[in-house]
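One structure below.
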Amino acid sequence: MKFYQKEIVLPRFERGYHLITELLRKEMPEITSISIGQFQAFIKHTSASLTINENADPTVRMDFETHINKMIPENMPYYKHDYEGSDDMPAHIKSSMLGCQVLIPITKGELNLGTWQGIYLGEHRNYGGNRKIVITVFGV
């Protein structure tokens with residue numbers, strides 16, 4: 001069994017959903033040495049998320065942003081945690097709802113994603129800054 005792990009720092013992304021599949025894959029070329037295994041990406045932040053969804057049509061990512069902002073609006077009078085602005089608490093809720101990690105099978109040295117699947121970074125802050133992701137790959 002082989003194990004590889006690396007922590008990377010993503011460049012700053014604007015608020016919204018961004019495909020980062022290829023960026024993560026390039027950061028962990030050891031994937032090609034795994035016949036059967038797992039790829040895990042974990043984001044070390046509470047106001048951003050990782051999820052898997054449509055990788056072809058960018059309007060899907062735009063619709064994600066629009067819909068989740070309607071589900072979890074800013075400036076709600078019952079939010080107590082707003083020290084860093086009106087996007088502070090909504091960003092934490094969005095992060096918990098979508099999750100902080102993805103786990104993808106590795107088959108024959110490749111991420112075994114569906115034809116239309118890609119890894120999204122959900123940036124939920126207006127000024128989120130650089131984001132740290134731990135990538136762990138293991139298998140035989």
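The values are calculated or read from the model by the stated rules, or taken from the named source; none is laboratory data. None of these values were measured; they are calculated from a predicted model. Backbone-built Cβ (ideal geometry, glycine too); neighbour counts: all protein chains shown. Heavy atoms of the whole protein, side chains included, go into the accessibility calculation; ligands, DNA and RNA do not. Shrake-Rupley method; radii C 1.70, N 1.55, O 1.52, S 1.80 Å.
For the stretch 1-110, what does the accessible surface come to per residue with a 1.4 Å probe? Please give it in Å².
Here the residues of the stretch 1-110 average 59 Å² of exposed surface.
Spelling out what I want: for every residue of the stretch 127-137, take phi, set θ = phi - 60°, compute 6.51 cos²θ - 1.76 cosθ + 1.60 (Karplus), and round to whole Hz; glycine and proline get x.
10, x, x, 6, 10, 9, 10, 9, 10, 10, 10
Build a GNM of the chain with springs between Cα atoms under 10 Å: which of PHE64, PHE39, PHE13 gets the top mean-square fluctuation?
PHE64
What is the total of Lys pairs in the stretch 6-140 with C-alpha atoms under 30 Å apart, excluding same-chain pairs fewer than 8 positions apart?
21
From largest accessible area down, sort TYR120, TYR4; use a 1.4 Å probe on the protein chains.
TYR4, TYR120
Could you give each residue of the stretch 109-116 its phi-based ³J(HN,Hα) in whole Hz, using Karplus coefficients 6.51, -1.76, 1.60 with θ = phi - 60°, and x for Gly or Pro?
3J(HN,Hα) across the stretch 109-116, in whole Hz: x, 10, 5, 8, 8, x, 3, 9.
Based on the alpha-carbon gyration tensor of the stretch 1-94, what equivalent-ellipsoid semi-axes (square roots of 5 times the eigenvalues) come out, in whole Å, largest first?
32, 17, 11
Take TRP116 and GLN38, extend 7 Å from each Cα along the Cα→Cβ direction, and tell me the distance between the two endpoints in nm.
A separation of 2.8 nm, rounded to one decimal place.
Work from the charge dipole of the chain (Cβ charges, +1 for Lys and Arg, -1 for Asp and Glu, about the Cα centre) and give the residue of GLY118, THR21, SER35 farthest towards its positive end.
SER35
In percent, how large is the relative contact order of the chain, given Cα pairs closer than 8 Å and 6 or more residues apart?
54 percent
For the pair LYS108 and ILE72, how long in nm is the line joining their label points, each one 7 Å along Cα→Cβ?
Distance between the two pseudo-spin positions: 3.8 nm.
Quickly work out the TYR83-to-LYS6 label distance, labels modelled 7 Å from Cα along the C-beta direction, and quote it in nm with one decimal.
3.4 nm
Carbon and sulfur together cover what percent of the accessible area of the stretch 11-67 at a 1.4 Å probe radius?
Result for the stretch 11-67: 56 percent of the exposed heavy-atom area is carbon or sulfur.
So for THR46, THR107, what's the accessible-area order with a 1.4 Å probe, most first?
THR46, THR107
Taking amide H positions as placed 1.01 Å from N in the peptide plane, with prolines and chain starts having none, which residues 5 or more places from THR51, or on another chain, fall under 5 Å of its amide H?
Sorted by chain and number, the residues that satisfy this are TYR120, GLY122.
Ignoring the sites themselves, what is the longest stretch of the chain with no GluC sites (Glu not before Pro) in a DSSP loop and at most 15 other beta-carbon atoms within 10 Å?
Longest run free of exposed loop sites: 15-73.
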